[in-house]
1. Could you give the size of the charge dipole of the chain about its Cα centre, using +1 on the Cβ of each K and R and -1 on the Cβ of each D and E, expressed in debye and rounded to the nearest 20?
2. Pairs on different chains or at least eight residues apart, Cα atoms closer than 25 Å: how many lysine pairs in the chain fit?
3. Using 5 Å bins from zero, what percent of all Cα-Cα pairs in the chain falls into each bin?
4. Over the chain, what relative contact order in percent results from Cα pairs under 8 Å that are six or more residues apart?
5. Roughly speaking, what is the centre-to-centre gap between segment 85-105 and segment 13-34 when only Cα atoms are used, to the nearest Å?
6. Taking the mean number of other Cβ atoms within 10 Å as a proxy for protection, how do you rank 110-123, 10-23, 27-40 from highest to lowest?
7. Based on the alpha carbons, how large is the Rg to Rh ratio for segment 1-80 when Rh follows Kirkwood?
8. Which of ILE105, TYR59, HIS49 sits closest to the plus end of the dipole of the chain, meaning its Cα is farthest towards the positive end, when Lys and Arg get +1 and Asp and Glu get -1 on the C-beta?
Amino acid sequence: MGHYSTMKATDFRSNLSEAEMQEAWEGYLQSHDEHNKYSLEIYEILKVHEKEKIDDEYYIHMDDYLAKHSAYELLLKFISNVIKPGTHCVIEFYDGDDERWGWLIYQNELHDIEYTTMVNGMPIYDFIEKKREIHAGDS
């Protein structure tokens, strides 16, 4: 991704303790070359400390969520390695041109989220084609 976008992410659960998570994240940062390490350092993995939250829940913190997310693929991979089995995380990006993209993350799985414009529950171009077929004999 070569341009600025805003990231939105759901909290995620992990079997790692807070200290283990920090150690895993620091080790992950150190395992990359300087460029990727620098790009990943915009993210922090922090424990959720609200009383009503689940004990093993984490979130991705950034000083500014509008950023150049050039190492997002590495972030996704890290989360897929530490996320609790059977749980998920959704990470989405939005840019200034109304483009949107994202991933659904499970343990060791990354799934690309497709965003389709819908009309009455149908993808827009399917809807248009259906209308065209209905009205083909009207002319």
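Readers should treat all values here as calculations from the given coordinates under stated rules, not as data from a laboratory. As the structure is a computational prediction, the values presented were derived from the model and not from experiment. Backbone-built Cβ (ideal geometry, glycine too); neighbour counts: all protein chains shown.
1. Numbers: 13 positive and 29 negative charges, 69 e Å.
Here the size comes out at about 320 debye.
2. 18
3. 2, 9, 16, 18, 17, 11, 8, 5, 4, 4, 3, 2, 1, 0, 0
4. Details: 197 pairs, mean separation 37.6, N = 139.
Relative CO of the chain lands at 27 percent.
5. The distance from the Cα centre of segment 85-105 to that of segment 13-34 comes to 21 Å.
6. Numbers: 110-123: 10.3, 10-23: 15.6, 27-40: 12.9.
Final packing ranking: 10-23, 27-40, 110-123.
7. 0.97
8. ILE105
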